[in-house]
Amino acid sequence: MESHFCTVKMKLCEMNPLSVAMVSTEQRGTLRVCPGAADPQTGIYLFSFSFADSFCSLLSSYVQQLMKAARNGTKDGLEKTKIAMMRKVSFLSKKDCTDDTEEDSGYLDVTVSEIKHPPPQLSPMPEGLSSQQVVRRHILGSIIQSERSYLDSLKRILLEYKKPLMEAEPRILSLRKIQPIFYRLKEILQCHSMFQIALASRVAEWDHTEKIGDLFVASFSKSMVLDVYSDYVNNFTNAMALIKKACMSKPAFLEFLKKKQAASTDRITLYGLMVKPIQRFPQFILLLQDMLKNTPVGHQDRLPLQLALTELETLAEKLNEQKRLAEQLAEIQQLTRSVSDRNLSKQLNSDQKQLILSETLIETVFGEKGQVLKSKERKVFLLNDMLVCANINVKGPPDISSLVPIGPKYAVKWSAPLLQVQVVEVGQETPQHKDSIYQQSGSKRLSSTNFQGKLFLGPPRLYQELQELQHDLSVVEEVTLLVGTMQGSYQNLNTTVGQDWCMALQRLIRIKEDEIQCANKCRLRLMVPGKPDKSGRPVSFTVVFSTPSPISKISWVNRLHLAKIALREENLPGWVCVEDDEKTKPPFWCPLLACRLPVFTPKMQDLKAGLYNPVHCSLLGFSAASTSLPQGYLWVASGGGDSHGQVEIFSLNRPTPRSVKSFSLGSPVVCLEYITEPSTDEELETQTSEVPSKIGNTICVGLLDGNILVYGSVDTAAQCLLTFCNPEGCPVLCLKQSANFLFAGLSNGKVAVYNRKSGEGLWDPDSCRHVVIGCAPVLKLLQIDECVWASCANQVSVIEGSSLRTQSFEVHPDPMVSVTHMVRAGGGVWMAFSEGSSLRLFHTETLEHLQEINISTPSAYLSPGQKTVCVTSLLICQGLLWVGTAQGIIVTLPVPRLEGIPKITGKGMTSLNGHNGPVEFLVATSSILSQDFLKRDTPMEGGDSRSGTEDKEATNSSQESLQQVDGSPQVEAKAKGVLLQYHLRSTSQLPGKLLTARPEETSDSTQDSLEHTLEDGSIYELSDDPEVWVKGPGPSSKEAARREKVTSAAVISGGKGFRRLANSSNSSDSSENMLMVWQLPITV
């Protein structure tokens, strides 16, 4: 009888008795990986496989002995439990273990037989497959090949590196060093060997089942996988340090690594092989994302793929966080060892120290004219309350760096309290204080090189070239004035030519200023406190760092800004984890309460709704974009009394919102909705002969009296473009746009649907159609692809696009409970209800109920008389599910960001900053930083992008400070003009450079003919080809593919008053309407 051998892996714990269970398996020798019935906290698992009948009975007998041995384990702990198991189970052989060897005693295993389980192999492609099926087969082939390559790399590490080192005589390294270097690699190999066996079984059935998502869920949702990978990731930095140290102290080991690399066909180093486990799950995620994109809705593999993405993303996030914490700890320890100052060393050793950001930057010292006097690499550490700059001292043979990264040694140059460090950006005026300012070199800083109050710290020659251009412009202006006094009339010598020369020089000055500004996109200029002078006056010095890219500069400015906010009283701490009695320390990436501000006076008005209007501010400077809230406006509406409502608009183009406009309405406001203008495809679908007028994006306001108001969203003018009332005359409770339709949920259980007017972007009141949802009010509308979900009582109806067909399903068993809030993320919708503190998750495609959670809040945080928590607002923003409650408490729960199912898998955090009354609304604000900010060597588009308009002052192009745009409509760019063109004799034979705004490498100074042509490389070509001087040469395809998206985000809550949950005395007037703004770190 044929038998199949496989790995049986089990994690032992000091739990007594141990709980283990076998799970039945299928026939045909296939693998089914299932967890045991143990508590997930113990991590005890038994993986079961199917075998021939004779071996199954034998294995069952062994398993019973194993379980009996486990139960016989005594309270003395793990060691006696292992001994009991080894005595009872004969097929488990005890490994030799020396006293000085760190053995992986927590796992027992049996080797997999590759002969009985060959690698997966796709069968020939059958005929008649659809294009999506063909693509899915190709992606499956990529998964097979990727996994095979990964397994080969793991085996290569163990067979070509670990095994020879273990068997070497004489020993190259001691066993005490070998074990930590290759820690947990064997367990990782065993996990993926079992996964490959299961994958082979699934691949053999692919043409019949076409299902693989559930296999990933079953294989990688185990806590054992997380434990093994976590151990490996946490140990990776230590393993690399051991390899580096061994290379420096053991020449034989260094020679061993060199020979192994030279003998390999791909020349991959040991480091290159050992980093692959860290990269494995991101690779899986990319492959499953491609598979999901090519899996049609309704396919049996679609939900399993989404669940698999969720599991892998959650696993990858946990590993990334552990890797970040391990690297942070290693960096702080390395820095601490290099500190000679006892006080500083004590501060760094504090448990409260968090490393936020560290990077190698180039410190540059400039001269008067902007020339570089000296530059040197520094390692800069941003901690939660201090900034440290250190010299880098890399020691070790140069050939080691090619085998393993060499960790540098540091020598602290200076450190400063974070609150005393200031970022001084180009375009800002010089600091308004009388303290002495020194350069880092220690010499007294001379008067800053400036032009009309602007600071220029560009690379060498740029400032000097700018001064030369300004001098030449003044000379040409004088010449033009003198030409105007000439008595005679001469060809090519008149004021028109002089004016053209002046305009060309003005453009060259703007280009030079833009070059300086672009160079400063990678310049981080800090004002750092130094030691007081002899008289005791505070002294500051400036230090300028060159960052590797504009994104790095943005990250530094943003993190410095947020780190200072994190030191405010309201953020110390700002969040607590109530699930583990507040033991979990909130990470730096938790949302930070940036500010709070009152809204609406008098106080009797009630907040009803908030809305984010994303209006791009083209004048927002580079530095302001790194610290400001997302660009746009915040609309806040109130119900007021019974007869009127009010809307207040706040500008967000700065670190703190500022009220810019307020207006009253004839009826209380119930809801707000942001409406995007119809796209080109939508306009074509209307099949209208007229060209629709561009009204841009709009904002719809639903009122209690049944009216719907449409406002323009271009600026703060808030012009009302349209007013119409629904035929039912019922209050409009919610609004939602879907394609070219506006859905309005009414209090009588109906949904009114409006089309756009023919040839216009506004809605047609006469096109109203009604969809009956139920008898209860329609409280919430949510757009899901081409459909709209409408909540009515305890049911949700799915309304299809233009056909308006409906499908209803029950979401709560109690008919007296209503769905009050719905938010979507990925392939799921979270719902909150009018009663209770539970939230429910439903699949967007199958409408299946996937998860239910309860929002628990400690009774100490509740106000007197409050017993239960009720959800009043819901929001999903940047991987967090925000929950606002009737008690004013705000809770966040982590959810996946990708296309998977937004299941709650982590611990929730409760904000210690809350409202006195219900959280009436939560609004997410988000904007993407313009790509122009991220260009390093090309000028930004701004006021100079219109080549034919009147020239602005030369200083405008270098102005980086935030400029006022509130209340002024955007001005459309005028049509490009053409400067005066005329012919003259060729000037190519004349000495001197051509007067041109083209880059020097593009100008042709040696022409073959002396024919009459346009002035060579002249300013006239400049206006016809603005790309030459506005944007520069276009980016290559590789650069375009590497473009990164920088996103800033903030969350705003609205409610009555403010209170600190941990300190009841620190609260504001409970009757005052208050906005709280949480700022999140910029993400790339």
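The values are calculated or read from the model by the stated rules, or taken from the named source; none is laboratory data. Remember, it's a predicted structure, so these values are computed and weren't measured experimentally. Methodologically, a virtual Cβ is constructed for each residue, glycine included, from the backbone with ideal geometry; neighbour enumeration extends over all protein chains shown. Surface areas here come from the heavy atoms of the whole protein model, side chains and all, with no ligands, DNA or RNA. Shrake-Rupley method; radii C 1.70, N 1.55, O 1.52, S 1.80 Å.
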Of the criteria (1) surrounded by fewer than 20 Cβ atoms within 10 Å (Cβ to Cβ); (2) modelled with pLDDT of 90 or more; (3) not basic (Lys, Arg), which one GLU953 fails:
(2)
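Would you please name the residue that is farthest from the chain's Cα centre (by Cα), looking only at residues in the stretch 1048-1064 that are open to solvent by less than 10 Å² (accessible area, probe 1.4 Å) and under 21 Å from THR872 (Cβ atoms)? Spell out the reasoning first.
At the first step, the residues of the stretch 1048-1064 found to be open to solvent by less than 10 Å² (accessible area, probe 1.4 Å) are 1049-1055, 1057-1058.
Subsequent filtering for residues that are under 21 Å from THR872 (Cβ atoms) retains 1050-1055, 1057-1058.
Details: ALA1050: 13, VAL1051: 15, ILE1052: 19, SER1053: 21, GLY1054: 25, GLY1055: 28, GLY1057: 31, PHE1058: 29 Å.
Taking the candidates together, the pick is GLY1057.
Just checking, how many residues over the stretch 138-182 are polar (S, T, N, Q) and part of a loop (DSSP other than H, G, I, E, B)?
1
Is it true that some residue in the stretch 848-857 is more than 29 Å from SER911 (Cα to Cα) and either in contact (Cβ under 8 Å) with a residue 12 or more places away in the chain or part of a strand (DSSP E or B) (or both)? Don't jump to the end; show me each part of the working.
First pass over the stretch 848-857, keeping only residues more than 29 Å from SER911 (Cα to Cα): 848.
Subset that is either in contact (Cβ under 8 Å) with a residue 12 or more places away in the chain or part of a strand (DSSP E or B) (or both): 848.
Yes: the stretch 848-857 contains one or more residues that are more than 29 Å from SER911 (Cα to Cα) and either in contact (Cβ under 8 Å) with a residue 12 or more places away in the chain or part of a strand (DSSP E or B) (or both).
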Restricting the first residue to the stretch 178-196 and requiring it to be more than 22 Å from GLU167 (Cα to Cα), which pairs with a second residue that is of a type in the set (Asp, Glu) and part of a helix (DSSP H, G or I) meet a Cβ separation below 7 Å and a spacing of at least six or different chains?
HIS192/GLU147; GLN196/GLU147
If you go through the stretch 238-264, how many residues are within 17 Å of GLU160 (Cβ to Cβ), without any contact (Cβ under 8 Å) to a residue 40 or more places away in the chain and charged (D, E, K, R)?
2
Exclusive hit being open to solvent by less than 30 Å² (accessible area, probe 1.4 Å) and part of a helix (DSSP H, G or I), set GLN306, GLN261, GLN283, GLN279:
GLN306
Would you be able to say whether some residue in the stretch 668-688 is in a loop (DSSP other than H, G, I, E, B) and at pLDDT 90 or above?
yes
Extreme residue, nearest to LEU874 (Cα to Cα), among residues of the stretch 797-807 that are surrounded by fewer than 19 Cβ atoms within 10 Å (Cβ to Cβ) and either touching a residue at least 40 places away in the same chain (Cβ under 8 Å) or touching a strand residue (DSSP E or B) at 6+ places or on another chain (Cβ under 7 Å) (or both)
VAL798
Selection within the stretch 478-503 - buried (at least 16 other Cβ atoms within 10 Å of the Cβ) and acidic (Asp, Glu):
ASP500
Run down LYS736, LYS750 and say which single residue is touching a Phe, Trp or Tyr at 6+ places or on another chain (Cβ under 9 Å), in contact (Cβ under 8 Å) with a residue 24 or more places away in the chain and open to solvent by 30 Å² or more (accessible area, probe 1.4 Å).
LYS736
Filter the stretch 649-667 for residues that are closer than 30 Å to ALA594 by Cα, part of a loop (DSSP other than H, G, I, E, B) and open to solvent by 40 Å² or more (accessible area, probe 1.4 Å); which is modelled with the highest pLDDT?
THR656
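Every residue, every condition in (1) crowded, with 21+ Cβ neighbours inside 10 Å; (2) assigned to a strand (DSSP E or B), yes or no:
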position: HIS770; (1), (2): no, yes
position: GLY774; (1), (2): no, no
position: LEU781; (1), (2): yes, yes
position: ALA790; (1), (2): yes, yes
position: PHE809; (1), (2): no, yes
position: THR820; (1), (2): no, yes
position: MET831; (1), (2): yes, yes
position: LEU841; (1), (2): yes, yes
Residue pairs within 9 Å by beta carbon, gap of at least six or interchain, first lying in the stretch 144-161 and under 12 Å from LEU199 (Cβ atoms), second β-branched (Val, Ile, Thr), listed first then second, are ILE144/VAL203
Scan the stretch 228-251 residue by residue and report those that are closer than 15 Å to ALA326 by Cα and open to solvent by 40 Å² or more (accessible area, probe 1.4 Å).
ASP231, ASN234, THR237, ASN238, ALA241
Unmet requirement for THR360, which otherwise passes all of (1) polar (S, T, N, Q); (2) in contact (Cβ under 8 Å) with a residue 24 or more places away in the chain; (3) open to solvent by less than 40 Å² (accessible area, probe 1.4 Å)
(3)
Is one or more of the residues making up the stretch 431-445 under 16 Å from SER546 (Cα atoms) and at pLDDT 70 or above?
no
What number of residues in the stretch 875-928 are open to solvent by 30 Å² or more (accessible area, probe 1.4 Å) and either polar (S, T, N, Q) or under 28 Å from VAL615 (Cα atoms) (or both)?
12
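Given LYS608, LYS553, LYS564, which one is surrounded by 20 or more Cβ atoms within 10 Å (Cβ to Cβ), over 20 Å from the mean Cα position of the chain (by Cα), at pLDDT 85 or above and not in a loop (DSSP other than H, G, I, E, B)?
Details: LYS553 fails: over 20 Å from the mean Cα position of the chain (by Cα); LYS564 fails: surrounded by 20 or more Cβ atoms within 10 Å (Cβ to Cβ).
Answer to the check: LYS608.
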If LEU165 meets every condition in (1) touching a helix residue (DSSP H, G or I) at 6+ places or on another chain (Cβ under 6 Å); (2) buried (at least 21 other Cβ atoms within 10 Å of the Cβ) apart from one, which number is that one?
(2)
